[in-house]
Amino acid sequence: MKEEGWRKELEQGEKLRKLKEIKRKALICFQCGVCVGSCPVAFVNEKYNPRRILRNFLFNQSPPQLNLSNLPWLCLHCYACLERCPQNIGLSEVMFEIQHLQFLNGEIPSSFLNAVKQIIKTGRVSPVTPITERRRGQLNLPKIETETGVEELKKIIEETGLKKLLPSQEEGKRSG
Amino acid sequence: METRIGVYICHCGTNIGGVLDCEALAKFASKLPNVVVAKDYKYMCADPGQEMIKKDIKEFKLNRVVVASCSPRMHEPTFRKCVEEAGLNPFFFEMANIREQVSWCHYDSPKQAFDKAKDLIKAAVAKARLLTPLTPLKVPVEKRVLVIGGGVAGIHAALDLADMGFKVYLVEKEPTIGGWMALLDKTFPTLDCSICILGPKMVDVAKHPNIELFTYSEVLDIEGFVGNFKVRILKKPRYVEVDKCNACSECVNVCPVEVPNKFDGNLGWRKAIYIPFPQAVPPAYLIDEDACLGITPLACGKCQEVCREKGGDAINFDMHPKVLEVNVGAIIVATGYELYDPSKIKEYGYGVYQNVITCFELERLINSSGPTYGKVIRPSDGKEPKKVAFIQCVGSRDEKANVYCSGFCCMYTIKNAILLKEKHPETEIYIFYIDIRANFKGYEEFYRRAREEGIIFIRGKPAEISENPSTKNLTIYCEDLGLGKVISLEVDLVILSTAAIPRHGKDELARKLNIVTGSDGFYLEAHPKLKPIDAATDGVFLCGSAQGPKDIPYSVSQASAAAARAARILSKDYWEIEPIVAYIDESKCRNPKTKCGICATKCPYGAITVEPKKPARVEPAKCHGCGTCAADCPGDAITQMHFTDAQILSQIHAILEENPEEKILCFLCNWCSYAGADLAGTSRLTYPPNARAVRVMCSGRVDKDFVLEAFRLGAGMVLVSGCRLTEFGSDCHYITGNVNAKKRMKIVEKILEKAGISKERFRLEWISASEGDKYAKIIKEMAEKMKKLGKEKIIEENRKAEPFLEKILKKKIT
């Protein structure tokens, strides 16, 4: 219980710091739109508008609940936006920060959560399926040895405290 | 005296010689009437070419010289100088343009090019035969200058000229100099204290031995012309002797009358006896005649009593308006701007909602010598605002108010927002804008600084503001374009960035000065690119916001530029005026008999005066030589020197002597359309070689008779072209010459219709100097139409029209 309280306080502080940084960037952004024009995700998905996601932080955004959608998780972190931003804002990094905030709030898309769980369980982002194996065979690739280094990975994850941040199965579904 | 003409054909290396047989052209020229000698040479403009002309003038006793070479826009001055050196009057020279308008644009059809060159040489020789000697007019220059307006621009212009050693009369309407800048708190983007940097300059003006300062004064009237203006100045009574007043302020303490102080944006109060602000120059009080109880009849007089008690005796109720007269050689107009009244925009509620104020009111609130000594408060309750919104472009960029951008509002809003934020960091500040214009040194950085300091910029023009009647708070409704959402924002205080508008009374001053205002209402410069400081009238210069809204650095730069432009005149003993001016034949002028005065209404420079029962009179020093009056004079009493009716008609006759029905005769203005035709050549654009240009200074010079005479002589097509004229304005180098040409050519169209000339055979166009392609395109179109109509139809139309046109032109062709 004691540790929980300490952790919560730390989380709150971190959230505030991150929010402040995002808001600072939102203030500086003069809404030219080069980021959206350069964004490969926005190109195929018109719902994803990183400029607008940042702009939203200027108004009505305060912890604990961000109530953002899954959209920030679509960022590919290709850094094209930072490369071209005339004000050096770098939306890729902003998206990282937002994702982090959302993670702290438990607002995690289920697909992402599943990937995390998969990593913890198997060390891989996606499971090895019979289709994968068949295809590898056709390409004369060797079979995948299962569960190599998984134990070591689990130890690393344990150290980072990631597991503690993960919501229970039910909670995770909420924002999925 | 016998007319003896020498004609010189230039090869221009192979530029002309490669397309045209110059030797044959010289041979052709030698047979033209009055031509004594005709030669061709590789480079006429080079020294040996010029020497040849000079030698021939002596040897053959030449009294006219024609050079067929490049455009007169290129080398006319060179050859004028050359013949002058040989003892001829420089206006005894004429040029035929066989490079830009022949060899460079018709290299694909050398035979027809040769015919065109022949026509152009023939026309030049015909005009040369009728040339008259002209001498530049010289007027003496009064080495003094008048500066109207004592804001930051007027102050700098006055100081610059005074430092150069010229006597300056500085006239200011208000009781102090300093203008708007003296009332500001800080300046952008450096946040220098405004009065701290302007104050010393104001004192310099007062102390400068070469400056005579007239505050609380107005320009009554102005007569004369460049170098010789006579100005009458009205000095209003202050009722306080400036020399005796030591600004002790005892009088203010006893004065019983309080009125709103306009120098504080009417937010504070002042007495009937007052000083506009502590740093005023001259540093003396004055009595507001309308507010004072005592001037007539002497009913109060408390101020006078206390002043005498203190041993001052500065107050004098017997002061009267004084009229002074000064003579100056040049005038600088620095009358500045005013602010738009935002109560006209009802949806923002200025004047209805107490907590909606203007930028200037905020400026006074934030200023430590303002009504609240620098404390920004809400007018409704005197509390400091916690949430403030600025609204940009109030009355600017608005077709319903002022279409232009007022330029400096973005920056002063950012400045005031930063000042507010730095004084009270907890204040939330929002700026609603359409575009942020931060386009000079350090401005963009200043804009970024504002964002870094936490000021929120919202792109979107607020739709309306509503007031909460109990809290007097305001809610702004607006789309945030960045979000793509409509937002409503409740704030404590709204500041409107009102547009800068021309001064009240600017039209009256424009009439006195004979200058014009643009469609925005600000004074118009003589040329937007190359004469941005000169007004249309010679010797009058513009600087600062009188010419359009400007910030301080730009106003000061213009002030120094205006001082330099004025010094260009003042530094000379005599000012020379090009002699291609209008001249009135008094015996032909109809005004004495029939009250005409048309010429005076057409002149863009007010150079013509028409008094009842007297012939019209031209002031040559004011005339710019466009020739519009000459073209519109119903009695043909006006002649434009060097572009006389006879000279132009002789060119028309020469060009249309042979096969007129195959030719397109073009009347092109010197500054734009002729230059455009030259550009077509310079760009090596080819077009049909049957076009022949006659150069006039302005399309306003093209007389109806020129076009009618061309058709009477059987011309195939006629084109009249001037500087660009669109619904947005005119590029005319003589302000309104093309506008007059347009009106006149509408009448020509009607006459031609009556004469039975097909509509497509006459065309009026506006071609700028950069539109060589447009000129080539138009000539192509006209040539195609001419081909479509067919030679027979044209000849037939001309034959039928001839008696009708002859009747109209009777007086001219006899």
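Some notes on this structure:
- Selection from segment B:425-449 of residues that are within 18 Å of B:S406 (Cβ to Cβ), out of contact with any helix residue (DSSP H, G or I) (no Cβ under 8 Å at 6 or more places or on another chain), assigned to a loop (DSSP other than H, G, I, E, B) and more than 13 Å from every other protein chain (Cβ to nearest Cβ): B:N439
- Identification of strands (runs of 3 or more DSSP E) wholly contained in segment B:317-360 with 3 or more residues that are of a type in the set (A, V, I, L, M, F, W, C) and touching a strand residue (DSSP E or B) at 6+ places or on another chain (Cβ under 7 Å) yields B:322-328, B:330-333.
- In segment B:161-173, the residues that are among the hydrophobic types (A, V, I, L, M, F, W, C) form Cβ pairs under 7 Å with partners that are in a loop (DSSP other than H, G, I, E, B), at six or more places apart or across chains, as follows: B:A162/B:H208; B:A162/B:N210; B:F166/B:K143; B:F166/B:N210; B:V168/B:N210; B:L170/B:G150.
- Subset of segment B:536-577 that is outside any helix (DSSP H, G or I), in contact with a strand residue (DSSP E or B) (Cβ under 8 Å, 6 or more places away or on another chain) and among the charged types (D, E, K, R) - its residue that is nearest to B:G149 (Cα to Cα): B:D538
- B:K421 being in contact (Cβ under 8 Å) with a residue 12 or more places away in the chain, away from chain A (no Cβ under 14 Å) and assigned to a helix (DSSP H, G or I): no
- Any hit, segment B:538-548, residues being surrounded by fewer than 18 Cβ atoms within 10 Å (Cβ to Cβ) and either modelled with pLDDT of 95 or more or touching a helix residue (DSSP H, G or I) at 6+ places or on another chain (Cβ under 8 Å) (or both): no
- Summed over segment B:616-643, the residues that are assigned to a strand (DSSP E or B) and aliphatic (A, V, I, L, M) give a count of 2.
- Segment B:584-597, residues that are surrounded by 17 or more Cβ atoms within 10 Å (Cβ to Cβ) and assigned to a helix (DSSP H, G or I): B:N591
- Test: residue in segment B:255-270 that is buried (at least 21 other Cβ atoms within 10 Å of the Cβ) and either of a type in the set (D, E) or more than 30 Å from B:A299 (Cα to Cα) (or both): yes
- Of all residues making up segment A:12-35, the number that are closer than 24 Å to A:E107 by Cα, within 11 Å of chain B (Cβ to nearest Cβ) and in contact with a helix residue (DSSP H, G or I) (Cβ under 7 Å, 6 or more places away or on another chain): 2
- Residue within segment B:90-104 that is surrounded by fewer than 17 Cβ atoms within 10 Å (Cβ to Cβ), at pLDDT 95 or above and of a type in the set (S, T, Y) present: no
- For segment B:105-134, a residue qualifies if it is in a loop (DSSP other than H, G, I, E, B) and surrounded by fewer than 20 Cβ atoms within 10 Å (Cβ to Cβ), and the qualifying residues are B:Y107, B:D108, B:S109, B:L130, B:T132, B:P133, B:L134.
One line per residue, one yes/no per condition, for (1) of a type in the set (A, V, I, L, M); (2) crowded, with 18+ Cβ neighbours inside 10 Å; (3) touching a Phe, Trp or Tyr at 6+ places or on another chain (Cβ under 9 Å):
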| site | (1), (2), (3) |
| --- | --- |
| A:W6 | no, no, no |
| A:L10 | yes, no, no |
| A:K20 | no, no, no |
| A:A26 | yes, yes, yes |
| A:R51 | no, yes, no |
| A:L54 | yes, yes, no |
| A:Q87 | no, no, yes |
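- Considering segment B:486-534, the residues that are small (G, A, S) and in a loop (DSSP other than H, G, I, E, B) include one that is nearest to B:I377 (Cα to Cα), namely B:A499.
- Residue within segment B:421-438 that is within 33 Å of the chain's Cα centre (by Cα), on the phi > 0 side of the Ramachandran plot and either surrounded by fewer than 20 Cβ atoms within 10 Å (Cβ to Cβ) or among the aliphatic types (A, V, I, L, M) (or both) present: no
- Residue within segment B:135-144 that is touching a helix residue (DSSP H, G or I) at 6+ places or on another chain (Cβ under 9 Å), under 30 Å from B:G681 (Cβ atoms) and surrounded by fewer than 18 Cβ atoms within 10 Å (Cβ to Cβ) present: no
- Residues of segment B:450-477 classified as basic (K, R) and either touching a Pro at 6+ places or on another chain (Cβ under 7 Å) or at the interface with another protein chain (Cβ under 10 Å from one of its Cβ atoms) (or both), total: 2
- Exclusive hit being away from chain B (no Cβ under 14 Å) and surrounded by 15 or more Cβ atoms within 10 Å (Cβ to Cβ), set A:L58, A:L91, A:L113: A:L113
- Test: B:G482 is crowded, with 21+ Cβ neighbours inside 10 Å, part of a loop (DSSP other than H, G, I, E, B) and within 14 Å of chain A (Cβ to nearest Cβ): yes
- So B:E508, is it acidic (D, E), under 14 Å from the mean Cα position of the chain (by Cα) and away from chain A (no Cβ under 14 Å): no
- With respect to the conditions (1) surrounded by 24 or more Cβ atoms within 10 Å (Cβ to Cβ); (2) more than 26 Å from the chain's Cα centre (by Cα), B:C669 falls short on a single one, namely (2).
- Boolean, B:N367 is touching a residue at least 12 places away in the same chain (Cβ under 8 Å), touching a Cys at 6+ places or on another chain (Cβ under 9 Å) and more than 14 Å from chain A (Cβ to nearest Cβ): no
- Restricting B:A247, B:A206 to residues that are touching a residue at least 12 places away in the same chain (Cβ under 8 Å) and part of a loop (DSSP other than H, G, I, E, B) narrows the list to B:A247.
- Subset of segment B:477-502 (residues that are touching a residue at least 60 places away in the same chain (Cβ under 8 Å) and touching a helix residue (DSSP H, G or I) at 6+ places or on another chain (Cβ under 7 Å)): B:I495, B:L496, B:S497, B:T498, B:A500
Matching residues to (1) within 17 Å of B:A117 (Cβ to Cβ); (2) surrounded by fewer than 24 Cβ atoms within 10 Å (Cβ to Cβ):
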{"site": "B:K54", "(1), (2)": "no, yes"}
{"site": "B:K61", "(1), (2)": "no, yes"}
{"site": "B:S69", "(1), (2)": "yes, no"}
{"site": "B:M74", "(1), (2)": "yes, yes"}
{"site": "B:E84", "(1), (2)": "no, yes"}
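The values are calculated or read from the model by the stated rules, or taken from the named source; none is laboratory data. As the structure is a prediction and not an experimental result, all values here were calculated from the model. Here the Cβ is made from the backbone with ideal geometry for all residues, glycine too, and neighbour counts use every protein chain on show.
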